[in-house]
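S.K.: Let me give you the structure first, and then I'll get to my questions.
The values are calculated or read from the model by the stated rules, or taken from the named source; none is laboratory data. On a predicted model such as this, the values are computed, not experimentally measured, just so you know. So basically every Cβ, Gly included, is an ideal-geometry build from the backbone, and we count neighbours across all protein chains shown.
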């Protein structure tokens, strides 16, 4: 009898997750259906870009700088074994532009801005502000969620570019003033080894998809959070966990599509 209870519990859990995926799909369809209205009311979107992007700028820049420092030190340690220290510039640049820039930016963004959006929407839901908007004939998805979603999608690639740029500067600080490599060789190797579309363009495209994922998850968790302090707290935690896992999974799939030779 015990095994039947376990099978029933597993089936109930599976049905619950399938139902939740269906709700997420309906929510995403509602969000994308009238997304053009966010461009019409772009002033509200600009305010949200300032909120989610500008307030995340400090942690992105500081993290990018220290990641560049670490890449410079570790890269020099590895390349010096093979006598290829002059290739440190291209190593730092490709590591940041292809992988670390988009991925670390998305993880930091989910922890900083994603949780803020979830908490904000969750508190609006708990205060019945969204229900009041529906009673007045105003669609809260169009008025509240769409500008925030568009702001996330726009901010993520910009922040990833800044992360990579500051990280490259950090790598140069370690390589040239600290280790003593030739500055011209550092930049020339980087210029020769980094392609505009294959490396920079694909990194930006990655961050765009990460922005879509983090924006959808953050807003969905806030919109469907239980209207209690515990419910909002749990929703913010789920935002960080689910967004991080989805970003890492998307990174693997996009890397396989973009950078794996056929």
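Condition check ((1) in contact with a helix residue (DSSP H, G or I) (Cβ under 7 Å, 6 or more places away or on another chain); (2) outside any helix (DSSP H, G or I); (3) at pLDDT 90 or above; (4) farther than 18 Å from residue 96 by Cα) across all residues:
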| position | (1), (2), (3), (4) |
| --- | --- |
| 164 | yes, no, yes, no |
| 172 | yes, no, yes, no |
| 181 | yes, yes, no, yes |
| 189 | yes, no, no, no |
| 218 | yes, no, yes, yes |
| 237 | no, no, yes, yes |
| 246 | yes, no, yes, yes |
| 252 | no, no, yes, no |
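S.K.: Only one residue in 108, 96 is surrounded by 22 or more Cβ atoms within 10 Å (Cβ to Cβ) and assigned to a helix (DSSP H, G or I). Which one? Break it down stepwise before answering.
M.R.: On the way: 108 fails: surrounded by 22 or more Cβ atoms within 10 Å (Cβ to Cβ).
Among 108, 96, only 96 is surrounded by 22 or more Cβ atoms within 10 Å (Cβ to Cβ) and assigned to a helix (DSSP H, G or I).
S.K.: Still on this structure, I have one more. Report, by residue number, each residue of the stretch 191-205 that is under 22 Å from residue 172 (Cβ atoms) and touching a residue at least 40 places away in the same chain (Cβ under 8 Å). First the steps, then the outcome.
M.R.: Our first condition is that a residue be under 22 Å from residue 172 (Cβ atoms); within the stretch 191-205, this holds for 191-196, 199-200, 203-204.
192, 193, 194, 199, 200, 203, 204, listed by residue number.
S.K.: Within the group 14, 63, which residue is surrounded by fewer than 20 Cβ atoms within 10 Å (Cβ to Cβ) and either modelled with pLDDT of 90 or more or touching a strand residue (DSSP E or B) at 6+ places or on another chain (Cβ under 6 Å) (or both)? Walk me through how you get there before you give the answer.
M.R.: Numbers: 14 fails: either modelled with pLDDT of 90 or more or touching a strand residue (DSSP E or B) at 6+ places or on another chain (Cβ under 6 Å) (or both).
Being surrounded by fewer than 20 Cβ atoms within 10 Å (Cβ to Cβ) and either modelled with pLDDT of 90 or more or touching a strand residue (DSSP E or B) at 6+ places or on another chain (Cβ under 6 Å) (or both) holds for just one of 14, 63, which is 63.
S.K.: Further question on the same structure: Name every residue in the stretch 220-233 that is under 14 Å from residue 121 (Cβ atoms) and either in contact with a strand residue (DSSP E or B) (Cβ under 7 Å, 6 or more places away or on another chain) or in a helix (DSSP H, G or I) (or both), in order of residue number.
M.R.: 220, 221, 222, 223, 231, 232, 233
S.K.: Filter the stretch 128-143 down to the residues that are outside any helix (DSSP H, G or I) and modelled with pLDDT of 80 or more and list them by number. Before you say what the answer is, go through the steps one by one.
M.R.: Here is the first cut: in the stretch 128-143, the residues outside any helix (DSSP H, G or I) are 128, 136-139.
The one that is outside any helix (DSSP H, G or I) and modelled with pLDDT of 80 or more: 136.
S.K.: Does the stretch 44-58 include one or more residues that are under 14 Å from residue 170 (Cβ atoms), touching a helix residue (DSSP H, G or I) at 6+ places or on another chain (Cβ under 8 Å) and surrounded by 20 or more Cβ atoms within 10 Å (Cβ to Cβ)?
M.R.: no
S.K.: Please go through (1) modelled with pLDDT under 90; (2) under 28 Å from residue 197 (Cα atoms); (3) surrounded by fewer than 20 Cβ atoms within 10 Å (Cβ to Cβ) for residue 75 and return the number of the only condition it doesn't satisfy.
M.R.: Among (1) modelled with pLDDT under 90; (2) under 28 Å from residue 197 (Cα atoms); (3) surrounded by fewer than 20 Cβ atoms within 10 Å (Cβ to Cβ), residue 75 violates only (3).
S.K.: Can you tell me which residues in the stretch 27-46 are within 22 Å of residue 224 (Cα to Cα) and modelled with pLDDT of 85 or more?
M.R.: Hit for the stretch 27-46 is 29, nothing else.
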